[in-house]
1. Of all the residues that make up the stretch 52-71, how many are more than 15 Å from Thr84 (Cβ to Cβ), charged (D, E, K, R) and touching a residue at least 24 places away in the same chain (Cβ under 8 Å)?
2. If Ile60 passes every condition in (1) in contact with an Asp or Glu (Cβ under 6 Å, 6 or more places away or on another chain); (2) open to solvent by 60 Å² or more (accessible area, probe 1.4 Å) but one, which one does it miss?
3. Got at least one residue in the stretch 52-65 being in a helix (DSSP H, G or I) and among the small types (Gly, Ala, Ser)?
4. Step by step: first the residues of the stretch 1-46, then only those that are outside any helix (DSSP H, G or I), open to solvent by 60 Å² or more (accessible area, probe 1.4 Å) and under 21 Å from Arg57 (Cα atoms), then the one that is modelled with the highest pLDDT. Which residue is that?
5. Mind counting the residues in the stretch 123-144 that are of a type in the set (A, V, I, L, M) and either open to solvent by 40 Å² or more (accessible area, probe 1.4 Å) or in contact with a Gly (Cβ under 7 Å, 6 or more places away or on another chain) (or both)?
6. Here are Ala161, Ala147: which of them is modelled with pLDDT under 90 and open to solvent by 60 Å² or more (accessible area, probe 1.4 Å)?
7. For the condition at negative phi, assigned to a helix (DSSP H, G or I) and aliphatic (A, V, I, L, M), what is the one hit in Leu114, Leu94, Leu86?
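The values are calculated or read from the model by the stated rules, or taken from the named source; none is laboratory data. Only a predicted model underlies this, so the values are computations on that prediction, with no experimental measurement involved. Cβ coordinates were reconstructed from backbone atoms using ideal geometry, including for glycine residues, and neighbour counts include every protein chain displayed. Ligands, DNA and RNA are excluded from the accessible area calculation, which covers all protein heavy atoms including side chains. Shrake-Rupley method; radii C 1.70, N 1.55, O 1.52, S 1.80 Å.
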Amino acid sequence: MYAVRMNRKARSRQGGADLSIRVRAYLHIQQLLLSGKLEAGSSVSEQMLAKDLGSSRTPIREAMNQLAAEGLLKPSPNGGMIVTQLGREDIIELYELREALEVYAVGKIARMPLRPVDRDRLQVLIDEISVFRKELEKSKKEALDDAQMNRFLNCDLGFHALLMSLAFNSRMQKSMSETRLLISAFAIRRSGHSKENTRRHSEISPEHSECDRQTG
C-alpha cells in the first residue's frame, strides 16, 4: 500500500512538472509568434523547442496542439505544425469580431453601476494612457517611439481586458482574448500612435456615459 501511495505521489509530481513545461512551452511559442521570430507559414520544430526548453517532446506537442486550437498554428501536410497564414479577409473579420465584442461589452457596462474599485481601476489605466499624450506634447514629436509604443500597448491591453472582464461573460472574454492574440500575431504591425490616438483613450472617463463609445 505504501509503495502504491509513493507511486501515485511520483506520478502527481511528474504530471505537475509536465504541466509546468507545457505552460512554459505555450508561452515561449506564443512570444516567438508575437515577436515575429516565427513567421507566417514557417514550420515549428518540436525537437528544437524541446532542446531550447530542456524537456521531452510530449509537453511541447501538447502546447502546440493548444495553439493550433486557438488558430495560431495548423497541421502541415508534411507532418508537424506550421504557423498559420492569414489573408486580408481573415484580418478584417478579426477586427470586425473584436469591434462587435467590445461595443457590446462597453454598452453593457454603461448600463450597470460600476463598483468604486472597478471605477478606480479604469481611471488608473486611463491616467496611464494620458501620460503618453503629455510626453508627445512635451517632446513635440508626431508619434510615439518604439519604447513608448510598447508601454502604450501594454496599457491599452490592460484597459480593454478590464472592460471585457467587467461585462462578466466568460465565453466572450475567451473569444476576445483569442481574437486579440491572432490580431497581435498576424495583423500589420502598428506604427507609433499619434496625439489623436492617445487623446481618444484619455478622454474616456468611468464617471461619464462616454464609456459606450468604441474605445479603439
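1. Looking only at that region, the number is 2.
2. Ile60 satisfies all of (1) in contact with an Asp or Glu (Cβ under 6 Å, 6 or more places away or on another chain); (2) open to solvent by 60 Å² or more (accessible area, probe 1.4 Å) except (2).
3. Yes: one or more hits.
4. Across the stretch 1-46, the extreme among qualifying residues is Ser43.
5. The total comes to 5.
6. Answer to the selection: Ala147.
7. Going through Leu114, Leu94, Leu86 in turn, the sole match is Leu94.
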